[in-house]
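These notes are about the structure you will find just below.
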Amino acid sequence: MTLLERDYRHLWHPFTQASEWEAQDNLVITHGEGVFLFDDQGRRYVDGTASLWCNVLGHRHPAVDAGIRAQLDRVAHSTMLGLTHPPAIELAERLSALSRLDRVFYSDSGSTAVEVALKMAFQAKQQAGETGRTRFAALSEAYHGDTVGSVSIGGIELFHGVYRPLLFDAVRVPSPERADPTDEARCLAQAEAIFAEHGDTLCALVVEPLVQGAAGMRRHSPAWLQALAKLARDAGAYVVADEVATGFGRTGTMFACERAGIEPDFLCLAKGLTGGYLPLAATLTTEAVYEHFRGPYTEYRTFFHGHTYTGNPLACAAALATLDALPAVLATLPARAEALGEKLLALDHPAVAERRVFGMMGALLLRDGDRPFDPALRVGHRVALAARRHGAIVRNLGDAVMVMPPLVTEEPELETLVQAVRRALDDVG
Ligand code: PMP
């Protein structure tokens, strides 16, 4: 049996329609180097998804490899429940210094980082005596992960609709489609009405600052987000920033909150935290929130939450090496981000209705003239598959083709990537 036949026999792939998976040409990735991935046929591809938006420094980065190896010689895993270890301590210090949020709680994925923020915000309000605050406000088309809590605040019908009966009800704040002043004013007016009606029942407002990635890169302006955050604060709710996608330089600064000019009460981090090497997430919050959880044991104010691999030492070591390497990468990022932007904006094809770029995040929105393509045609999916024949791996979200290479991708590889998408569009017709 070939590797793929063995895969078809036993594997269940995430966000993947099995019937399509078994019928299409698939790649078996055997290794990576820098911004490239290689398959078992020896073919090379630009990693245009940054291995699902998480690879920051390229694959097999010498310092990250070395950091993990050094930790491997000490201990691979030891629990954070009742014990501590040096890489977790040092990483918490570094993350606090970067964010000005003094408390760091580890978990393992973006979904759990958000799940933790929801539970913490809720419990903090309960323990502060504000027991009527039991709900969350979230943006339309939001994506915060796949666990039941993060799906509850999610707003992407295709992914979340089927689970509706299982979910708690979120207060939905309309988000602008693009950072357009008229659209933003309309959304803000609606947000004002929503906060006036529901404000005293809210524990928190949850946002993806500046870019709603999974919504096909919907954008809003810093001013809009500041105004929304103020509405939440004035209503007595916390502000939770989900920077799982935008964190660690994706938008040009270490965190999008810096560019947005907001200071959240909770910051959710994952993906790029370990450079894209190992699963690690962090939920950061303020000392004031942490204070709500202190007390004699029998008052049961403890945060009764924690995963087995929470704060895994190898993952923390990868994160420390990533944080060491990142400042130099960020210093030279504007030129690469500009090159990506220029190339995507110059991509002219009848199926490309809109080009969205922000930092090292890009999306091409495909349409059939002024209408969406028939979903049965699977245009976005076919474009993503075709791009592989031209040397790049990209992923689609419906008919949005997402272009998110590692932050270190230089001009020639950006050119390969964008040209691969262009040729794929020609192939699909
Ligand atoms: N929040 C945001 C903004 C995301 O983009 C994602 C993943 N794309 C998540 C949360 C969930 O992260 P994970 O897949 O690591 O659970």
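When the stretch 379-413 is examined, which residues are found to be charged (D, E, K, R) and either touching a strand residue (DSSP E or B) at 6+ places or on another chain (Cβ under 9 Å) or part of a helix (DSSP H, G or I) (or both)? Answer for the stretch 379-413, where residues must be charged (D, E, K, R) and either touching a strand residue (DSSP E or B) at 6+ places or on another chain (Cβ under 9 Å) or part of a helix (DSSP H, G or I) (or both): Arg382, Arg388, Arg389, Arg395, Asp399, Glu411, Glu413.
A quick yes/no check of all residues on (1) in contact with a Ser or Thr (Cβ under 6 Å, 6 or more places away or on another chain); (2) more than 11 Å from Val46 (Cα to Cα); (3) at pLDDT below 95; (4) among the polar types (S, T, N, Q):
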| residue | (1), (2), (3), (4) |
| --- | --- |
| Gly391 | yes, no, no, no |
| Glu411 | no, yes, no, no |
| Leu414 | no, no, no, no |
| Ala420 | no, no, no, no |
| Ala424 | no, yes, no, no |
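Can you find a residue in the stretch 59-69 that is without any contact (Cβ under 8 Å) to a residue 40 or more places away in the chain and within 16 Å of the ligand (Cβ to nearest atom)? Checked against the condition, which is being without any contact (Cβ under 8 Å) to a residue 40 or more places away in the chain and within 16 Å of the ligand (Cβ to nearest atom), the stretch 59-69 yields no hits at all. Reported count of residues in the stretch 164-186, each being within 15 Å of the ligand (Cβ to nearest atom) and either closer than 16 Å to Gly216 by Cα or outside any loop (DSSP other than H, G, I, E, B) (or both), is 1.
Could you check the stretch 99-144 and list, in sequence order, the residues that are of a type in the set (Ser, Thr, Tyr) and assigned to a strand (DSSP E or B)?
Scanning the stretch 99-144 gives Tyr106, Ser107.
Note on the stretch 299-338: residues that are within 30 Å of Val418 (Cβ to Cβ), of a type outside the set (A, V, I, L, M) and free of Cβ contacts under 8 Å to residues at least 24 places away in the same chain total 3. Residue check: is Leu158 within 16 Å of the ligand (Cβ to nearest atom), under 19 Å from the mean Cα position of the chain (by Cα) and either over 24 Å from Thr253 (Cβ atoms) or surrounded by fewer than 19 Cβ atoms within 10 Å (Cβ to Cβ) (or both)? Against the criterion (within 16 Å of the ligand (Cβ to nearest atom), under 19 Å from the mean Cα position of the chain (by Cα) and either over 24 Å from Thr253 (Cβ atoms) or surrounded by fewer than 19 Cβ atoms within 10 Å (Cβ to Cβ) (or both)), Leu158 qualifies. Consider Gly149 carefully, then state whether it is within 14 Å of the ligand (Cβ to nearest atom), under 26 Å from Glu291 (Cβ atoms) and free of Cβ contacts under 8 Å to residues at least 40 places away in the same chain. Yes. When the residues of the stretch 240-262 are filtered to those that are touching a residue at least 40 places away in the same chain (Cβ under 8 Å) and in a strand (DSSP E or B), which remaining residue is nearest to the ligand (Cβ to nearest atom)? Checked the stretch 240-262; the qualifying residue nearest to the ligand (Cβ to nearest atom) is Asp242. Within the stretch 209-239, the only residue that satisfies the criterion of being more than 21 Å from Asn396 (Cα to Cα) and within 11 Å of the ligand (Cβ to nearest atom) is Pro209. Going through (1) part of a helix (DSSP H, G or I); (2) within 12 Å of the ligand (Cβ to nearest atom) one by one, Val289 falls short only on (2). No other residue among Tyr106, Tyr143 is closer than 18 Å to Gly275 by Cβ and either of a type in the set (D, E, K, R) or within 16 Å of the ligand (Cβ to nearest atom) (or both) apart from Tyr106.
The values are calculated or read from the model by the stated rules, or taken from the named source; none is laboratory data. This one's a predicted model, so the numbers in the text were calculated from it and none came from an experiment. Backbone-built Cβ (ideal geometry, glycine too); neighbour counts: all protein chains shown.
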